[in-house]
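Read through the structure below, which is laid out as structure tokens, and then see the notes.
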Amino acid sequence: MTGVSPEALLQLAVEAAEDKKAHDLVALNLQGISPVADYYVICHGNSDTQVQSIATEIRKKAEQSGIRVRGVEGFDTARWILLDLGDVVVHVFHREEREFYNIERLWSDAKMVELA
């Protein structure tokens, strides 16, 4: 990873998701709650194509900024794609899966990050 702060990485992921019209974008601050990441970004798309497009854009912007994407899971099925950017983990859901899993509820201890 380059010297990118977790907050800058969060902003990059949010902007990339917004560029592809991600729906109901939420960022959770997990600092002090989870050792896995500082932030979770959660959003959804309304089709498999949109879900993959959102994930692809986030990955592309991260790599262009010199950030190593540590892992991508679920891309082929496009129902729940997880991108591990290190300090930021991005969950890109298909709408139905987001409603079913409701991971925001699982992390209800986390503070919501105000997105500009």
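The values are calculated or read from the model by the stated rules, or taken from the named source; none is laboratory data. A quick note: this is a predicted structure, and the numbers were derived from the prediction, not measured. All accessible areas refer to the heavy atoms of the entire protein, side chains included, with ligands and DNA or RNA removed. Shrake-Rupley method; radii C 1.70, N 1.55, O 1.52, S 1.80 Å.
Worth a mention:
- For segment 45-116, relative contact order (Cα pairs under 8 Å, six or more residues apart, normalised by length) works out to 28 percent.
- With every protein chain in place, segment 22-94: carbon and sulfur % of accessible area (1.4 Å): 44
- Of all DSSP-defined beta bridges confined to the chain, some 70% are antiparallel rather than parallel.
- Anisotropy class of segment 1-47 from Cα gyration tensor, a/c 1.5 cut: oblate
- Where the chain is the region considered: accessible area per residue in Å², 1.4 Å probe: 53
- Integer Hz, Karplus 6.51/-1.76/1.60 couplings in order for segment 61-78, x for Gly and Pro: 5, 4, 5, 5, 8, x, 9, 7, 7, 6, x, 9, 10, x, 4, 5, 7, 6
- Pairs of Lys in the chain closer than 16 Å at Cα, counting only those 8 or more apart or on different chains: 4
- Distance from segment 1-49 to segment 60-116 (C-alpha centre basis), Å: 6
- Prolate/oblate/rounded label for segment 49-98 (Cα gyration tensor, a/c 1.5): prolate
- Cα gyration tensor category, rounded, prolate or oblate, for the chain with a/c compared to 1.5: oblate
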